[in-house]
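Below is one structure; the comments refer to it alone.
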Amino acid sequence: MSLRLGDTAPDFTATTTEGQINFYEFLGDSWGVLFSHPADYTPVCTTELGRTALLKEEFAKRNVKVLAVSVDPLDKHQGWVKDINETQNCNVDFPIIADENREVAGLYDMIHPNASATATVRSLFIIGPDKLIKLMIIYPASTGRNFFEVLRVIDSLQLTAKHSVATPADWKNGENVIVVPAVSTEDAYKKFPKGLEIVKPYLRYTPVPDEN
Ligand code: BEZ
């Protein structure tokens, strides 16, 4: 059965380029990004894994651990990682699962038979510290993902998990956010001391609330 937002992310133990990993232990209390790749030694995947490695500090700042999935064997991953490091000027040090038996791909419904009977599509799951699935995006093999968008949605998810706000179209961290409809305007003035911009009774902006 396919997974939906709010479902518990399935746990698994897998062989990876960083050794045997239990997913939940690997995540600990962190947020997680689990993302699949059609195959090793493919050009788009090479750029995606390179980009992920180069964004290491950005993921770390947000307390996010990343884990890639590809259905090729471990020795193939290890050779490919050398190519990624060489061609993308990076150091891939996050785990890549060797999902030869397609166990993780199956658990997360990453094979879409009408796209390809054997290769995974580009599925990406963001998992909260509570192990619930917060976001899923699925791209076809031919389109590389936008990892700045991945960071942007993590910023939104982390902010909206803490405060009664939502983020508008094309929002970027630091820009004004929207007060959720469930909060009355009277309460919003108390909750958001930085002030409100009331465009319509249902469209109310406030600056990004302070941490805490
Ligand atoms: C790639 O990763 O480059 C790729 C994989 C499958 C189809 C097209 C491109």
Checklist entry - Any idea how many residues of region 89-106 are of a type outside the set (Phe, Trp, Tyr) and either in a helix (DSSP H, G or I) or closer than 13 Å to Ala53 by Cα (or both)? => result 11
Checklist entry - Going by the structure shown, is Thr120 among the polar types (S, T, N, Q), surrounded by 15 or more Cβ atoms within 10 Å (Cβ to Cβ) and within 15 Å of the ligand (Cβ to nearest atom)? => result yes
Next on the checklist: Quick check on Pro43: is it open to solvent by 60 Å² or more (accessible area, probe 1.4 Å) and farther than 18 Å from Val64 by Cα?
Outcome noted: yes
Checklist entry - What do you reckon, is Ala182 in a loop (DSSP other than H, G, I, E, B), away from the ligand (no atom under 16 Å from the Cβ), open to solvent by 60 Å² or more (accessible area, probe 1.4 Å) and among the aliphatic types (A, V, I, L, M)? => result yes
Checklist outcome for this item: Scanning region 30-88 residue by residue, the ones that are within 16 Å of the ligand (Cβ to nearest atom), assigned to a strand (DSSP E or B) and not hydrophobic (A, V, I, L, M, F, W, C) total 3
Checklist entry - of a type in the set (Phe, Trp, Tyr), closer than 26 Å to Leu54 by Cβ, assigned to a loop (DSSP other than H, G, I, E, B) and touching a strand residue (DSSP E or B) at 6+ places or on another chain (Cβ under 8 Å) - does that describe any residue in region 190-198? => result no
Item to check | Near pairs, Cβ below 8 angstrom, 6+ apart or cross-chain, from region 189-212 (on the phi > 0 side of the Ramachandran plot) to any residue that is surrounded by 12 or more Cβ atoms within 10 Å (Cβ to Cβ) and at pLDDT 95 or above | outcome: Gly195/Thr206; Gly195/Pro207
Checklist entry - Does Thr13 satisfy being away from the ligand (no atom under 16 Å from the Cβ), open to solvent by 20 Å² or more (accessible area, probe 1.4 Å) and over 16 Å from Thr120 (Cβ atoms)? => result yes
Checklist outcome for this item: Picked from region 139-153 (must be within 16 Å of the ligand (Cβ to nearest atom) and surrounded by 15 or more Cβ atoms within 10 Å (Cβ to Cβ)), the residue nearest to Asp7 (Cα to Cα) is Tyr139
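The values are calculated or read from the model by the stated rules, or taken from the named source; none is laboratory data. Note that this is a predicted model, so its numbers are computed, not measured. Neighbour counts are summed over all protein chains in view; Cβ atoms, including those assigned to glycine, are modelled from backbone coordinates with ideal geometry. Ligands, DNA and RNA are excluded from the accessible area calculation, which covers all protein heavy atoms including side chains. Shrake-Rupley method; radii C 1.70, N 1.55, O 1.52, S 1.80 Å.
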